[in-house]
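Below: one structure in structure tokens.
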Amino acid sequence: MSDSIAIELCDVVKRFGDVVAVDHVNLQIRDGEFFSLLGPSGCGKTSTLRMIAGFELPTAGSILIHGREMGITPPHLRPVNTVFQSYALFPHMTVAQNVAFGLEMRKTPKAEIARQVKEALELVRLSGLEDRRPRQLSGGQQQRVALARALVNHPEVLLLDEPLGALDQKLRKEMQLELKSLQARVGITFVFVTHDQEEALTMSDRIAVMNKGKLLQVGTPTEIYERPNCRFVADFIGETNFIDGVVIGRDGNYTVLETPEGLRLRGLAARPLSDGTAVTYSIRPEKVRLLAPNGELPPNGLAGTVMTVNYIGSDTRITVRINDQRTIDIWEQNTRSTLDRDEYWQPGEAAVIVCPPDNALVLSE
Amino acid sequence: MIKTAPATTASARIRGAFSEGRLTWSGLALTVFSILVYLFLYVPIVILVIFSFTRDEFGVRWTGFTFDWYIRLFNNPRMMGAAWNTLVVATVSTIVSTIIGTLLAMAMERYRFRGRNAIEGLIYLPIVVPEIVMAVALLAFSAIIFDVIRMVTGEVLRRNLATVTIGHIAFSISFVVVVVRTSLKNFDRRLEEAAADLGADSWNIFWRITFPLILPGIIGGALLAFTLSLDDFIISLFLSGPGTSLLPVEVYNRVRRAITPEINAISTLMLILSMALVALSQVLQRRR
């Protein structure tokens with residue numbers, strides 16, 4: 001992966017009438033990376049992709065592909081190709097004709113087209129289906145044709161608009177891995193739009209999280225999951241416990257907050273926060289530790305009562321009540337191979353939970 | 001075994017069917033009614049076809065089988081001339097009205113423009129306006145145009161195949177628009193985006209993607225225009241000039257004197273041609 005920039009968005013705005021679909025987005029996508037735009041439906045991720053492809057023009061701002069300002073360049077003159085959510089395969093053409101379409105538009109010689117189509121179909125493991133029509137293929141096969149049809153043109157960037165959305169769960173998982181390895185083999189920059197956080201975490205080199213047209217955070221899957229920079233990202237990616245409070249001071253590397261009912265908690269803040277700032281404390285259920293009470297509360301510990309214990313195979317999910325208003329979710333991995341669940345936590349038991357401050361975040365706004 | 005005679009009679013079987021609930025009065029009434037409707041629709045046509053093969057020269061009694069009337073028909077220069085005129089008018093008006101109608105349908109389906117709603121309403125008017133009104137209007141209009149041409153160039157024009165062709169185009173366009181719009185509505189515009197994404201300019205998008213996919217609709221519209229032109233009578237009567245009459249008008253002129261099996265024969269041929277066209281359009285629609 002080189003450090004040159006494949007796509008750059010400079011202060012891009014897109015309005016549809018009164019609706020701001022994309023709100024001053026600045027973004028750099030590096031050459032050869034698998035980059036995901038992640039967010040709930042209506043967050044502006046598809047509009048962003050469509051502006052890169054040229055189907056929509058930005059209301060303001062500019063888009064550069066390998067340093068070239070795209071301006072009002074129409075889609076057919078942009079060095080990118082798209083894999084559509086609905087695949088948009090041409091129903092009146094065979095698989096081979098679909099894949100050959102882009103090359104024909106570029107006036108590639110016939111023999112060369114035949115060779116490249118064959119290669120592209122081999123790449124997506126569809127050899128032998130050249131003469132089928134799209135409607136004679138399964139969803140997964142159609143998906144591969146759409147991929148081959150785009151990749152055969154050797155685009156500088158491949159845009160993928162929720163391409164796995166229409167597949168069933170099992171096929172989806174397979175295609176995730178296949179797409180990832182395909183991307184590694186062809187070395188083309190992939191920009192992948194999805195609303196599925198697990199998919200984004202599995203596949204991406206970097207992820208941009210969007211909500212309501214705004215770009216909230218850009219980072220590696222680990223950064224996004226471990227160090228979300230705001231409440232929305234922490235909530236959207238994975239599961240987490242939120243506790244509202246205000247900053248009351250600092251303790252070494254940690255920021256200390258106090259909840260309305262007087263609980264004090266320590267955690268990491270992305271930047272120094274002045275006392276009195278309203279914040280949200282966020283800790284993931286698998287980071288919380290659950291201990292038997294032994295008289296004294298450990299640092300960053302809270303006393304509580306076990307409410308529910310749900311065994312789900314790999315984990316056990318426990319809810320602990322801290323006080324009248326608050327419960328904390330805890331996931332413990334079932335590392336012990338025992339059938340004797342009586343040894344384990346029981347509803348009604350007193351317990352102490354500990355939030356390791358290095359794994360807990362103090363999020364402003 | 002002794003056969004019980006009454007059980008095998010028809011009336012007994014029907015009674016049995018009633019008592020077992022297989023047959024009900026409403027079901028029976030519906031069946032009889034349907035048969036009557038079909039007889040009402042098709043008996044005259046079947047009789048027409050049958051009597052095109054009778055030896056009887058008045059074509060109203062069956063006196064034996066013959067192909068003579070068809071042979072005579074093909075040797076009748078007036079009839080053949082009218083048939084040729086009809087085919088020329090139908091072909092030209094179909095081509096022109098299909099092109100104009102398709103473009104109009106595309107514009108109305110694709111673009112928002114000022115006056116779109118007005119055009120939307122006006123385009124369907126020729127379908128509901130009584131044909132006699134259309135015919136009179138076109139006749140008066142052609143008279144005005146001829147007057148203008150005479151005043152400007154001094155040339156005296158008469159109604160001819162061109163005027164009747166223009167009349168047919170005028171009413172066919174609306175039908176083409178209706179049919180083509182339906183297939184445009186079902187067309188997935190994301191396919192055009194996909195084509196643009198793959199490097200196709202608007203020319204290639206239209207000819208490689210849009211056109212082949214809406215072609216069944218265009219053919220459907222064209223076949224409708226063709227059949228409408230083939231059997232049009234009123235506008236053809238008003239707008240054709242001396243010596244350029246079309247087949248339906250020619251048939252009418254013959255019938256006023258006497259119904260002959262020759263008329264039955266030409267009617268049968270027109271029937272077959274229309275049915276073939278309808279069947280063709282059905283096949284093309286289904287291929288989609």
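What list of ³J(HN,Hα) couplings, whole Hz, do you get for region A:191-205 from phi and the Karplus terms 6.51, -1.76, 1.60, once you set θ to phi - 60° and write x for glycine and proline?
10, 10, 9, 8, 10, 9, 5, 5, 4, 4, 5, 5, 9, 8, 7
Determine the relative contact order of chain A: mean sequence separation of Cα pairs under 8 Å and six or more apart, normalised by residue count, in whole percent.
15 percent
If packing is taken as the average count of other Cβ atoms within 10 Å, what order do B:73-80, A:88-95 fall into, highest mean first?
Packing order, densest peptide first, comes out as A:88-95, B:73-80.
Here's another thing I want to ask about it. In whole Hz and in residue order, list the ³J(HN,Hα) couplings for region A:112-118 that follow from phi through the Karplus curve 6.51 cos²θ - 1.76 cosθ + 1.60, θ = phi - 60°; x for Gly and Pro.
5, 4, 4, 5, 6, 4, 4
Still on this structure: Quick one: putting +1 on the C-beta of Lys and Arg, -1 on the C-beta of Asp and Glu, what dipole do you get for region B:133-288 around its Cα centre, in Debye to the nearest 20?
Roughly 320 debye for region B:133-288.
What does the charge dipole of the protein assembly as shown about its Cα centre add up to, to the nearest 20 debye, if the Cβ of each Lys and Arg holds +1 and the Cβ of each Asp and Glu holds -1?
3040 debye
Per residue of B:197-209, what is the mean number of Cβ atoms on other protein chains within 10 angstrom of that residue's Cβ?
Averaged over the peptide's residues, the number is 6.
At a temperature of 10 °C and a viscosity of 1.306 mPa s, determine how fast the protein assembly as shown diffuses translationally according to Stokes-Einstein, using the Kirkwood radius over alpha-carbon pairs as Rh; express D in µm²/s, rounded to the nearest whole number.
Answer, rounded: 49 µm²/s.
How large is ³J(HN,Hα) for each residue in region A:208-222, as worked out from phi by the Karplus curve 6.51 cos²θ - 1.76 cosθ + 1.60 (θ = phi - 60°), to whole Hz, x for Gly and Pro?
10, 9, 10, 8, 6, x, 9, 8, 8, 7, 10, x, 5, x, 5
Suppose we take every Cα in chain A and form the convex hull; what volume per residue is that in Å³?
183 Å³
Give the residue from A:320, A:361, A:302 lying farthest towards the positive end of the charge dipole for region A:240-364; charges sit on Cβ (+1 for Lys and Arg, -1 for Asp and Glu) and the dipole is referred to the Cα centre.
A:361
Which of B:141, B:127, B:77 sits closest to the plus end of the dipole of chain B, meaning its Cα is farthest towards the positive end, when Lys and Arg get +1 and Asp and Glu get -1 on the C-beta?
Of the candidates, B:127 comes out farthest on the positive side.
When we measure straight from the Cα of residue A:214, which lysines land under 20 angstrom away, once same-chain ones fewer than 8 places off are left out?
In chain and number order, the partners are A:14, A:45.
Something else about it: Would you look at the GNM of chain B, springs on alpha carbons closer than 10 Å, and say which of B:103, B:273, B:157 moves the most?
Fluctuation is largest for B:157.
So, R0 is 22 Å and r is the distance between the beta-carbons of residue B:31 and residue B:56; what FRET efficiency does that work out to, to 0.05?
The value I calculate is 0.05.
Further question on the same structure: Normalised radius of gyration for region B:109-208, please: alpha carbon Rg relative to 2.2 N^0.38 Å, two decimal places.
My calculation over the Cα atoms of region B:109-208 gives 1.57.
Let me confirm one metric for peptide B:188-194, namely the mean number of other chain beta-carbon atoms within 10 Å of its residues' beta-carbons.
Rounded to a whole number, the mean comes out at 6.
Amide H of residue A:284: which non-local residues (sequence gap of 5 or more, or other chain) have their own amide H closer than 5 Å, using H built in the peptide plane?
A:241
Then there's this: Positive end of the dipole of chain B, charges at C-beta (+1 Lys, Arg; -1 Asp, Glu), about the Cα centre: which of B:49, B:267, B:27 has its Cα farthest in that direction?
Of the options given, the answer is B:27.
Can you give me the relative contact order of chain B as a percent, contacts being Cα pairs under 8 Å and 6 or more apart?
29 percent
By the scheme Lys and Arg +1, Asp and Glu -1, what is the net charge of all other residues having a beta-carbon under 11 Å from that of residue A:148?
Overall, the nearby charge balance is +1.
Between A:77, A:273, A:177, where does the largest GNM mean-square fluctuation fall for chain A, given springs only between Cα atoms within less than 10 Å?
Among A:77, A:273, A:177, the largest mean-square fluctuation in the Gaussian network model of chain A belongs to A:77.
Let me ask something additional. Under the 0.36 nm per residue contour assumption, what length would be gained going from the current alpha-carbon distance of residue A:323 and residue A:122 to full extension?
Length gained, residue A:323 through residue A:122: 66.3 nm.
How shielded is A:142-153 by partner chains, expressed as the average number of their Cβ atoms within 10 Å of its Cβ atoms?
1
Suppose every Lys and Arg Cβ carries +1 and every Asp and Glu Cβ carries -1, with no other charges. What dipole size does chain A come out with about its Cα centre, to the nearest 20 debye?
It works out to roughly 1320 debye.
Per DSSP helix of 4 or more residues, -39500 (n - 2.57); summed, then divided by the residues of chain A. What does that give at 222 nm, rounded to the nearest 500?
-7000 deg cm²/dmol
Which peptide among A:299-310, A:207-218 comes first, and what is the full order, when sorted by highest mean count of other Cβ atoms within 10 Å?
Answer by packing, highest mean first, reads A:207-218, A:299-310.
Could you give the angle, 0 to 90 degrees to the nearest 10, between helix A:95-105's Cα long axis and the longest principal axis of the Cα atoms of chain A?
70 degrees
For the ranges B:203-211, A:196-204, what's the packing order if you count other beta-carbon atoms within 10 Å of each residue, average per peptide, and put the highest first?
My ranking of the peptides, most packed first, is A:196-204, B:203-211.
Once you wrap a convex hull around the alpha carbon atoms of region A:111-166, what is its projected area averaged over all directions, in nm²?
4.2 nm²
Find out how many positive minus negative residues lie around residue A:245, taking Lys and Arg as positive, Asp and Glu as negative, among other residues whose Cβ is under 15 Å from that of residue A:245.
-1
Cβ under 10 Å from residue A:80's Cβ, residue A:80 left aside: what net charge do those residues give with Lys, Arg +1 and Asp, Glu -1?
It works out to a net charge of -1.
In whole angstrom, and with the biggest value first, how far do the Cα coordinates of chain B range along each principal axis?
Cα spread of chain B along its principal axes, largest to smallest: 95, 59, 32 Å.
Also, quick follow-up: For region A:145-293, calculate the relative contact order in percent as a whole number, restricting contacts to Cα pairs under 8 Å that are 6 or more residues apart.
Computed over region A:145-293, the figure is 15 percent.
Read the figures in this text as sums done on the coordinates, not as results from a lab. Quick caveat, the model's predicted, so the values are computed rather than measured. Cβ sites come from the backbone with ideal geometry, for glycine too, and all protein chains shown count toward neighbours.
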